[in-house]
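Throughout, read-outs are computed from the coordinates displayed, never taken from laboratory work. None of the values given here were measured: they were computed from a predicted structure. We place every Cβ from the backbone using ideal geometry, glycine too, and count neighbours over all the protein chains shown.
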Amino acid sequence: MTWVDHSQSDSEGKRRLRAMSIPYGRQMIDQDDIAAVVEVLRSDWLTQGPSIERFERKLADKVQASFAVAFSHGTAALYAAVGAAGLGPEHKLVTSAISFIASAACGIGAGCRVDLVDVEEETLNLDPRAVPADADALVAVHYAGLPIDLSRLSHRPRVIIEDAAHALGATTPDGPVGNCAHSDMSVFSFHPVKAITTGEGGAVTTNDEQLAQRLRMIRNHGIVPKPQHGAWYYEVESIGSNYRLTDFQAALGMSQLDRLDGFIERRNRLAQRYDEALSGANVSIAPRADPGWRHANHLYPARVERRQDVYRFLHDHDVHVQVHYVPLYRHPVLKLPDGPDRFPKAEAAYERLLSLPLFPGLSFEAQDRVVSLLIEALTSEG
Ligand SMILES: *Cc1c(COP(=O)(O)O)cnc(C)c1O
């Protein structure tokens, strides 16, 4: 490719590194994953079949929840969780000012009044003491994979849904994220940048059998079999959708789940290397987990001055840093134009946020390149 500079007299390894484009996140697929998918492709089942139940059991056991229900996407899982909780136009749902749109869209989709809660300056998780007393439901986002401390909530809404899309593999003193120790349901995503992947996919875990039943019903168009009227007979009392995961995706999920602990260890190690390498630089390193807590390190959200320039410099050098996220109040669909004033901590953090590449397949060599380019960007004149 033309952008490899062959005039450099560097070693072949360094030249290859220079030519390498580094994403902010990436899946890790091995031969076992491929074999697991192929096996299902050769079977009688493509869409929801026996692998789904096995994946659900394995995921539930992994996070120490009673039930897991697999979905086509993490977003579908969030929508279904809101539906299963019976939330609608008469309810107020709140979530973090800094998250992906899906954390709020699930409430908007159900007709809820949606409002936001400002983040804590240090952790960038929503401030548990700022959850308003009139909130009926909370979508608690474990931002970047750092678990929010739900035991510190000043107000416990009737419904608590953990948006754990970043936090599979994280633990709190009360056990793994997903065991719903302080919530009704936890939602995971298996998008390729997340801790494990099924291509697209998601799941809800819960300890409530009724919720699990409703989640399965919503996943399948709201269909309720009524065999007393004939084996074929069913009725639909409330609309669901087709939110099903395929059987070969579930096989991939099971195979990936076997390597989750290793993935998280690698992410933890890489995050620690960023902490060390950036400690002397003009960068706020990403929030760390307290003793007794395990960070899933889905993202490494550093905070830098002149973010726009730093972002452009790194992209010009094929380091594809990202910004997580444009605060939710900035999206016109939330109708919160006074957001920057109401959520000053989110606004201040947003101006400087920059997610550095972090994924299990990131080599130390590539990470060192990210660090040196970042430091170069920070020390160069605008
Ligand atoms: C990824 C993500 C989702 C949605 O997951 P998909 O599987 O991509 O639909 C929801 N919330 C947060 C915070 C996410 O990062």
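Cβ-Cβ contacts under 6 Å between residues 6 or more apart (or on different chains), taken from a first residue in the range 289-310 that is within 18 Å of residue 372 (Cβ to Cβ) to a second residue that is of a type in the set (Val, Ile, Thr) and in a strand (DSSP E or B), are listed as 302/283; 304/283; 310/304. Residue 105 falls short of the stated requirement of being in contact with a strand residue (DSSP E or B) (Cβ under 6 Å, 6 or more places away or on another chain) and aliphatic (A, V, I, L, M).
Residue 100 meets all of the listed conditions (1) of a type in the set (Phe, Trp, Tyr); (2) out of contact with any helix residue (DSSP H, G or I) (no Cβ under 8 Å at 6 or more places or on another chain); (3) away from the ligand (no atom under 16 Å from the Cβ) but one, namely (3). Residues in the range 343-353 that are of a type outside the set (Ser, Thr, Tyr) and either surrounded by fewer than 22 Cβ atoms within 10 Å (Cβ to Cβ) or outside any strand (DSSP E or B) (or both): 343, 344, 345, 346, 347, 348, 349, 351, 352.
Conditions tested, residue by residue: (1) among the aliphatic types (A, V, I, L, M); (2) more than 29 Å from residue 264 (Cα to Cα).
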{"position": "310", "(1), (2)": "yes, no"}
{"position": "320", "(1), (2)": "no, no"}
{"position": "336", "(1), (2)": "yes, yes"}
{"position": "354", "(1), (2)": "yes, no"}
{"position": "357", "(1), (2)": "no, no"}
{"position": "361", "(1), (2)": "no, no"}
{"position": "369", "(1), (2)": "no, no"}
{"position": "373", "(1), (2)": "yes, no"}
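The conditions of being more than 15 Å from the ligand (Cβ to nearest atom), of a type in the set (A, V, I, L, M) and surrounded by fewer than 21 Cβ atoms within 10 Å (Cβ to Cβ) are not met by residue 137. Here is a check on your reading of the model: is residue 124 within 16 Å of the ligand (Cβ to nearest atom), touching a residue at least 24 places away in the same chain (Cβ under 8 Å), in a loop (DSSP other than H, G, I, E, B) and on the phi > 0 side of the Ramachandran plot? Judged against the criteria, residue 124 is a match.
Pairs linking a residue in the range 155-166 that is closer than 28 Å to residue 297 by Cβ and within 9 Å of the ligand (Cβ to nearest atom) to a residue that is of a type outside the set (Val, Ile, Thr) and in a strand (DSSP E or B), with Cβ atoms under 6 Å and 6 or more positions apart or on different chains, are 164/186; 164/188; 165/189. Residue 260 meets the stated requirement of being in contact (Cβ under 8 Å) with a residue 24 or more places away in the chain and surrounded by fewer than 24 Cβ atoms within 10 Å (Cβ to Cβ).
Note on the range 31-61: residues that are acidic (Asp, Glu) and touching a residue at least 24 places away in the same chain (Cβ under 8 Å) amount to 4.
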